[in-house]
Amino acid sequence: MSRIGKKIITLPEGVTVQITGSKITTKGPKGELSREISSDFVMEVKDKELTIAPKNPNRKKTSAFWGLYRSLIANMVEGVHIGFSKRLEFEGVGYRAAMDGENLVMQLGFSHPVKFTTLPGVKLTTEKNAITVSGCDKEAVGEVAARIRRLKPVEPYKGKGIRYQGEIFRRKAGKKAVSTG
């Protein structure tokens, strides 16, 4: 029995859930998300509460995926209600980002500007030395943030690069000059 899978998902005001076969669709003020769930599970909405239960709880595969599907559905409900966002920060001289229509154009210390196209449903906003990635799909927001970070990861000696807000990384000591004398 899954401790996470047994938890009930409460639906906030303004969020509707529609279940057709093994497909679940959530609609809310931030957008609409849908996902296919394995046919080994039964989903039921009663009095603004969503429950998910396996048809055969004794199967090993079913019990392994029960908590996963419950978490995915809970993230869909939270995403269409509140939304998700990640913030990336730039560190380095001349590192900056600007929006060019739907594309993100970044100066990352290369000889050329780096253009980045986002996934559908994900919104990018830029500030002085930060990028905010936001949207209703948690997976897409995380994927876009990871792709942007991968363009110029933080180097350990000077700390230059792109990092998540609040991310702690370890700095290395540089070479020390040895005096002979």
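Taking first residues from region 135-153 that are outside the structural domain of LEU88 (by TED's automatic domain parsing) and partners that are surrounded by fewer than 20 Cβ atoms within 10 Å (Cβ to Cβ) and assigned to a helix (DSSP H, G or I), no Cβ contact under 9 Å between residues at least 6 apart in sequence or on separate chains turns up.
The residues in region 46-63 that are surrounded by 10 or more Cβ atoms within 10 Å (Cβ to Cβ) and among the basic types (Lys, Arg) can be counted, and the count is 4.
From the list LEU104, LEU68, the lone residue that is buried (at least 18 other Cβ atoms within 10 Å of the Cβ) and either among the aliphatic types (A, V, I, L, M) or under 22 Å from the mean Cα position of the chain (by Cα) (or both) is LEU104. Looking only at residues in region 131-181 that are under 17 Å from the mean Cα position of the chain (by Cα) and among the small types (Gly, Ala, Ser), the one that is nearest to VAL105 (Cα to Cα) is ALA145. Of the residues ARG147, ARG170, ARG163, the single one that is charged (D, E, K, R), part of a strand (DSSP E or B) and either surrounded by fewer than 19 Cβ atoms within 10 Å (Cβ to Cβ) or at pLDDT below 95 (or both) is ARG163.
Pairing residues of region 1-29 that are in contact (Cβ under 8 Å) with a residue 24 or more places away in the chain with residues that are of a type in the set (Gly, Ala, Ser) and surrounded by fewer than 14 Cβ atoms within 10 Å (Cβ to Cβ), at Cβ distances under 6 Å and at least 6 apart in sequence or on separate chains, gives GLY28/GLY14; PRO29/GLY14.
Are any of the residues in region 120-127 in contact with a Ser or Thr (Cβ under 9 Å, 6 or more places away or on another chain) and either on the phi > 0 side of the Ramachandran plot or part of a loop (DSSP other than H, G, I, E, B) (or both)? It would help to see each step written out before you state the result.
At the first step, the residues of region 120-127 found to be in contact with a Ser or Thr (Cβ under 9 Å, 6 or more places away or on another chain) are 122-126.
Then drop every residue that is not either on the phi > 0 side of the Ramachandran plot or part of a loop (DSSP other than H, G, I, E, B) (or both), which leaves none.
No, region 120-127 has no match at all.
For region 89-133, the set of residues classified as among the charged types (D, E, K, R) and either in contact with a His (Cβ under 7 Å, 6 or more places away or on another chain) or more than 13 Å from ILE162 (Cα to Cα) (or both) consists of ASP100, GLU102, LYS115, LYS123, GLU127, LYS128, listed by residue number. The single condition from (1) in contact with a Phe, Trp or Tyr (Cβ under 6 Å, 6 or more places away or on another chain); (2) crowded, with 19+ Cβ neighbours inside 10 Å; (3) under 17 Å from GLY94 (Cβ atoms) that VAL141 fails is (3). Reported count of residues in region 33-45, each being surrounded by 15 or more Cβ atoms within 10 Å (Cβ to Cβ) and either β-branched (Val, Ile, Thr) or under 19 Å from LEU11 (Cβ atoms) (or both), is 6.
Entry remark, region 109-129: residues being in contact (Cβ under 8 Å) with a residue 40 or more places away in the chain and over 23 Å from the mean Cα position of the chain (by Cα) number 1 in total.
The values are calculated or read from the model by the stated rules, or taken from the named source; none is laboratory data. Predicted model, so just to flag it, every value in this text is computed and none were measured. Quick reminder, even Gly has a Cβ in these numbers, built from the backbone with ideal geometry, and neighbours come from all protein chains shown.
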